[in-house]
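For reference, the structure discussed in these notes is given below.
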Amino acid sequence: MTDAVDVEAVFRAEYGRAVAVLVRFLGDIDLAEEAVQDAFTTAVRRWPETGVPPSPAGWIITTARNRAIDRLRRESSRDDRHAEAARLHAPDPPAQEGPVHDDRLRLIFTCCHPALALQAQVALTLRLLGGLTTAQIARAFLVPEPTMAQRLVRAKAKIRDARIPYRVPRDADLPDRLKGVLAVVYLIFNQGYEGEAGLCTEALRLGRLLAELMPDEPEAAGLLALMLLVESRRPARADADGALVPLPEQDRTRWDRDLIAEGQALVRSCLRRDRPGPYQIQAAVQAVHSDAPTAEATDWNQILRLYDQLMAVSPSPVVALNRAVAVAEVEGPEPALELLDGLDLDGYHVLHAVRADLLRRLSRTAEAVRAYEAALALAENPAERAHLDRRLRELAQ
Amino acid sequence: MQHYLLSVVQPVGGQPPAPDELAEIMHRVQAFNDELREAGVWVFSGGLHGPETATVLRPKDGDVLITDGPYAEGKEYLGGLCLIRSADLDEALEWGRKAALATTLPIEVRPFMGTH
């Protein structure tokens with residue numbers, strides 16, 4: 001029997017939607033979560049006997065709703081939840097404040113409200129939309145579980161007490177608020193890239209959801225494309241020992257062609273719309289890499305032009321560093337090295353790794369060794385450390 | 001409706017603005033208050049004298065001890081406050097944004113308990 005697996009699959013796919021619908025219905029996040037978890041517990045017990053219902057999501061939502069109503073009726077006799085119980089009999093039609101009306105989208109904007117700390121935004125999004133447990137989120141962000149639990153409790157209390165609204169922002173506020181939402185999803189993805197691979201899957205799910213729910217926002221499509229194209233290289237990114245394999249040395253036959261096709265199609269649709277933003281441009285850079293059958297065939301001129309555009313749209317030292325890498329390919333390592341000197345990124349291991357690589361190509365070995373050592377002193381990710389360590393040993397030979 | 005307190009965060013020992021600038025700020029604050037009244041969300045607003053004018057009353061053994069000065073020394077103090085009614089935090093934050101631009105000072109927004 002695969003029923004147990006089926007419940008798990010329904011949970012992954014539908015948890016966020018069910019919580020979002022219940023939050024709208026109940027106006028209370030904790031109650032919504034409890035009701036949905038109750039419903040899944042019932043499903044685990046019942047579905048093996050009755051079979052999976054024709055609409056599992058509908059079944060979960062209806063069951064959760066009935067559970068919540070039962071609970072509120074029971075409790076309304078002994079505390080002051082009369083008002084809430086009364087609301088259930090005459091639920092208001094959902095307010096239509098935003099341009100889009102999906103419950104999950106409302107919930108994402110609530111979770112990623114700028115009045116909440118960034119860590120809390122990430123944790124709430126993973127918890128309420130992704131259905132991750134507090135323990136899973138704590139593990140992914142390397143904090144003790146009680147710390148993460150406290151963060152979630154505090155964030156939910158602020159949503160309730162300060163009345164952070166459960167809605168999609170008005171058209172006028174949408175671009176600003178969307179930036180925050182996309183940043184949270186990208187942060188989740190990057191956290192997964194560094195370690196917990198499950199977080200990348202989760203970020204891709206959220207990215208697909210945003211792109212689907214906001215078809216008029218090219219940056220949502222841009223972020224999804226960027227994540228798909230980066231994720232497509234996962235199978236080639238580590239060698240048998242777990243060491244990081246840099247892009248030029250990766251076995252391109254191991255890249256995931258389906259993810260590349262999906263990402264590139266999104267990049268093309270963004271180009272047609274011609275409203276470029278930072279995520280779309282970064283996705284375009286990744287698309288150029290994906291296009292090249294070999295590292296030597298990479299169109300670095302085009303990548304450099306894209307980084308020029310990115311510097312114009314959203315300049316930052318990290319963008320400047322990436323641009324310098326492209327400059328090295330187009331004009332050689334020497335001019336690229338000069339570009340690194342002005343960057344305020346001394347605490348960032350990638351700066352030192354890039355510098356080391358350029359020095360190595362210029363045969364300035366002693367300086368390259370020092371730069372690799374500086375990068376190693378700052379890098380925390382084991383795969384990256386293994387890669388830097390190997391480079392250092394190669395130089396020493 | 002929910003009540004929110006907009007607190008003006010005043011730095012201790014900050015240089016008071018030049019007379020011209022101060023007049024400009026007072027003018028903007030007045031306009032902000034008028035806007036709150038017109039929108040029907042204004043409950044109360046006012047500026048406070050400095051923390052050196054404060055007196056603290058502390059309960060002690062059934063009696064009350066009177067001491068000079070503020071309850072806590074900090075880098076900032078409450079310079080003024082404004083009480084508004086609004087439907088949710090987003091509305092309150094929008095008023096807070098206007099208050100910050102009018103006063104040129106940070107504004108803390110906090111909901112009152114049980115004023116739905």
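By the gyration tensor of its Cα atoms, with a ≥ b ≥ c the square roots of the eigenvalues, what is the shape of chain B: rounded for a/c under 1.5, prolate for a/b over b/c, or oblate? Oblate is the answer for chain B, as a/c is 1.5 or above yet b/c matches or exceeds a/b. On the basis of the beta-carbon distance and an R0 of 41 Å, B:LYS60 and A:ASN381 show a calculated FRET efficiency of 0.10. Please list, by residue number, everything in region A:109-133 whose backbone N is under 19 Å from a paramagnetic label point 7 Å out along Cα→Cβ of A:ALA13. Flagged as within label range: A:129-132.
Summing Cβ point charges (Lys, Arg +1; Asp, Glu -1) relative to the Cα centre of chain B gives a dipole of roughly 180 debye. With R₀ set to 25 Å, the beta-carbon distance separating A:THR253 from A:GLU338 gives a calculated FRET efficiency near 0.10.
When Rg and the Kirkwood radius Rh are both evaluated on Cα atoms of region B:18-68, their ratio Rg/Rh stands at 1.25. Computed from point charges on the beta carbon alone (+1 for Lys and Arg, -1 for Asp and Glu), the dipole magnitude for the protein assembly as shown about its Cα centre is near 1100 Debye. Can you give me the P(r) profile for chain A? Cα pairs, bins 20 angstrom wide beginning at 0, each as a whole percent. All Cα pairs, binned at 20 Å, distribute as 23, 51, 22, 3, 0 percent.
Expressed as a whole percent, the accessible surface of region B:18-116 that belongs to carbon and sulfur atoms is 58, based on a 1.4 Å probe. With the alpha-carbon atoms of region A:249-397 aligned to their principal axes, the span from lowest to highest coordinate is 49, 35, 28 Å, starting with the largest. Simple rule: put +1 on each Lys or Arg Cβ and -1 on each Asp or Glu Cβ in the protein assembly as shown, find the dipole, and look at A:ALA18, A:LEU209, A:ALA155; the Cα lying farthest toward the positive end is A:ALA18. Ordering B:PRO16, B:LEU48, B:VAL64 by the projection of their Cα atoms onto the charge dipole of chain B, which places +1 on the Cβ of Lys and Arg and -1 on the Cβ of Asp and Glu, puts B:VAL64 at the extreme positive end. Just check region A:139-203 against the gyration tensor rule for me: Cα atoms, a ≥ b ≥ c as the square roots of the eigenvalues, rounded for a/c under 1.5, and otherwise prolate or oblate depending on whether a/b exceeds b/c. Oblate, since a/c reaches 1.5 and b/c is not below a/b. Can you tell me which of A:ARG273, A:ARG323, A:ARG67 moves the most in a GNM of chain A? Springs connect C-alpha atoms under 10 Å apart. Highest fluctuation of the listed residues: A:ARG273.
Between region A:347-380 and region A:198-235, the alpha-carbon centres lie 32 Å apart. Only one residue of A:ALA120, B:GLY114, A:VAL350 has its Cα farthest out toward the positive end of the dipole of the protein assembly as shown, where Lys and Arg carry +1 and Asp and Glu -1 on Cβ, and that residue is B:GLY114. Against the main long axis of the alpha-carbon atoms of chain A, helix A:257-273 sits at an angle near 90°.
The values are calculated or read from the model by the stated rules, or taken from the named source; none is laboratory data. This structure is a prediction, so every number in the text was calculated from the model and none was measured. As a convention, Cβ positions derive from the backbone with ideal geometry for all residues, glycine included, and neighbour counts pool all protein chains shown. When the accessible area is computed, the model is the full protein with side chains, heavy atoms only, and any ligands, DNA or RNA have been set aside. Shrake-Rupley method; radii C 1.70, N 1.55, O 1.52, S 1.80 Å.
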